[in-house]
Each structure stands twice: as structure tokens, then as C-alpha cells.
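In what follows, a structure is listed as C-alpha cells, so that the remarks can point back to it.
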Amino acid sequence: MAKFAYRMQSLLNIQYQLENQAKMELGRAQMQLLTEEEKRDGLIARKEAYLEEGRRMRNDAVHVDELRDNRNAMLIMDEMIEAQKAQVARAEEVVEEARRKLTEVMQERKMHEKLKEKAFEQFRREELAAEGKAVDELTSYVYGQRGKEE
């Protein structure tokens, strides 16, 4: 029996490699998103600490310079938080793009696997047909040999 060899196996192998690369890119993008979210959360926590410090200073003896510094620090934190939110949004877009690319590559790989399955089924049908033909020829030969002997 002949061995099955898929003509486009090299393309299927490339699809496997592309899928693995896309998975790695998605993983990196998700890690970057997580890092950006952690930075944002850290900035928000710092702002909360400044708010708490401002409340404490208002209850204690009033030092105008310290209150002004605290207020300026909170304004700066607001700007930093907004900038970090923009970073998070960009990281989310990168993750979505990587996810879209992975989905696309997976669809192409599945298509090539279906083509391989169909080619294998065609190969099996051809092999069964060839085997049937060989059996028929053998049967005809044996029957023909019996007729000559009689």
C-alpha cells in the first residue's frame, strides 16, 4: 500500500508556525496590557494617598505651602492617570489586534487541515479502488487458469 503524502504539507507547517507566533504575540500583548493596568492602578493608589494626606493636613494645623504642594501633586497625578489610561487603551488595542490576527491564522490553519483531510480521503478511495481492481484481476487470472486446466 502506498504512503499518503500531502502535497501542501509545507504550507500547513508554515500555518502551524504562524499560529504559534500569533499566540506568542497575543501573550506578549496581554502581558503589556497587564503591566499598563498595574501602572494605572498604582497611580490611582498614589492619588488616593495624596487625597488622604490632604484630608489629614486639613484636620491638623494648616500649612498653606503643604496644602498647595498636596493640591499640585494631586493635579499632576490626575494628568499622569489620564496619560496612563491612554496607554492602557493603546495596549488593549494591541491585544485586540493580536487576537484578531490569531483568529485569522487559526482559520487558515483549519482550512488547510480540512484540505489535508479531503486529500487523505481521496487517497483512501483511490487506494481502495486500486486494491479492488487488483483483486478483480487476480480473480480473473485464477478463474482463467482453472478454465485452461479443465
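The values are calculated or read from the model by the stated rules, or taken from the named source; none is laboratory data. This is a predicted model, so every value here is computed, not measured. Here the Cβ is made from the backbone with ideal geometry for all residues, glycine too, and neighbour counts use every protein chain on show.
Data table
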item: Test: residue in the range 92-108 that is more than 30 Å from Asn20 (Cβ to Cβ) and assigned to a helix (DSSP H, G or I); result: no
item: Unique match (being surrounded by 15 or more Cβ atoms within 10 Å (Cβ to Cβ), farther than 30 Å from Ala29 by Cα and not aromatic (Phe, Trp, Tyr)) among Lys133, Lys116; result: Lys116
item: Residue pairs meeting the criteria (Cβ under 8 Å; at least 6 apart or on separate chains; first in a helix (DSSP H, G or I) and surrounded by 12 or more Cβ atoms within 10 Å (Cβ to Cβ), in the range 1-20; second at pLDDT 90 or above and of a type in the set (Val, Ile, Thr)); result: Gln15/Val105; Leu18/Val105; Glu19/Val105
item: Among the candidates Glu48, Glu52, Glu79, Glu36, residue that is assigned to a helix (DSSP H, G or I), out of contact with any strand residue (DSSP E or B) (no Cβ under 9 Å at 6 or more places or on another chain) and either surrounded by 13 or more Cβ atoms within 10 Å (Cβ to Cβ) or of a type in the set (A, V, I, L, M, F, W, C) (or both); result: Glu36
item: Any pair with Cβ under 6 angstrom, 6 or more apart, that starts in the range 111-133 at a residue that is more than 12 Å from Leu12 (Cα to Cα) and in contact (Cβ under 8 Å) with a residue 40 or more places away in the chain and ends at one that is surrounded by 11 or more Cβ atoms within 10 Å (Cβ to Cβ) and of a type outside the set (S, T, N, Q); result: Ala119/Tyr6; Phe120/Phe4; Phe123/Phe4
item: Test: Ala89 is part of a helix (DSSP H, G or I) and either in contact (Cβ under 8 Å) with a residue 24 or more places away in the chain or more than 30 Å from Met31 (Cα to Cα) (or both); result: no
item: Checklist (1) touching a Lys or Arg at 6+ places or on another chain (Cβ under 9 Å); (2) among the polar types (S, T, N, Q); (3) free of Cβ contacts under 8 Å to residues at least 12 places away in the same chain applied to Gln84, failing item; result: (3)
